[in-house]
Amino acid sequence: MKTILVLNGPNLNLLGRRQPEIYGHETLADVEAACRAACAEGFDIRQAQSNHEGEIVELIHGARDTACGIVINAGAYTHTSVAILDALNAFDGPVIEVHISNVHRREGFRHHSYISARADGVIAGLGIEGYAAATRRICTLVGA
Ligand code: DHK
């Protein structure tokens, strides 16, 4: 069984309760279920969430030996974290960057992403469906 790491950053533990007009009413449990349903045969997901930059770096390091790909929504660290970019650069498999909201329709500081320099694909504005699409794409890229 190949494992895809679905990694969520700060404040996403509040998904479903935090600014639902922007992020929707679904929760991280719904994200996990959607990603699991999107997996091709032979793949499974492991979901993780942290509000701490260093812990996200450690989770990516751990994925080097345990995951075939990473779906990442780094939350606000998307726009600030060279450390997370460097950690992703040390990961060999495909990386898909997800944003629930359309960050390009929001404040200017959300328009730049450090992670996009590493990501094999970027999804924004599809709500939690973006995570499922990202999971499917990783299954395609990794193959049987
Ligand atoms: C989530 C966040 O927490 C924000 O900091 C990003 C992203 C956008 C999202 O759309 O999923 O700017």
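So how much slack lies between Glu41 and Leu126, counting 0.36 nm per residue of separation and subtracting their Cα-Cα distance, in nm?
Once the chain is fully extended between Glu41 and Leu126, it gains 28.2 nm.
Check which residues have an amide H placed less than 5 Å from Gly69's amide H, if you skip close sequence neighbours.
Residues meeting the amide H criterion: Leu5.
Suppose accessible area is computed on protein heavy atoms with a 1.4 Å probe; arrange Arg110, Arg17, Arg46 from highest to lowest.
Sorted by accessible area, descending: Arg17, Arg46, Arg110.
Where only protein heavy atoms count, and the probe is 1.4 Å, what is the accessible area per residue for the chain in Å²?
Spelled out: the 1.4 Å probe surface of the chain, per residue, equals 48 Å².
Taking the Cα-to-Cβ direction at Ala33 and at Asp86 and moving 7 Å from each Cα, how far apart do the two end points lie in nm?
Modelled inter-label distance: 4.0 nm.
Percent of accessible area on the range 2-142 owned by carbon and sulfur, 1.4 Å probe?
48 percent
For the chain, just say rounded, prolate or oblate: build the C-alpha gyration tensor, square-root its eigenvalues into a ≥ b ≥ c, call rounded for a/c under 1.5, and beyond that prolate if a/b exceeds b/c, oblate if not.
oblate
The values are calculated or read from the model by the stated rules, or taken from the named source; none is laboratory data. Please read all numbers here as calculations on a predicted model, not as lab measurements. As a convention, Cβ positions derive from the backbone with ideal geometry for all residues, glycine included, and neighbour counts pool all protein chains shown. Only protein heavy atoms, including side chains, enter the accessible area calculation; ligands, DNA and RNA are left aside. Shrake-Rupley method; radii C 1.70, N 1.55, O 1.52, S 1.80 Å.
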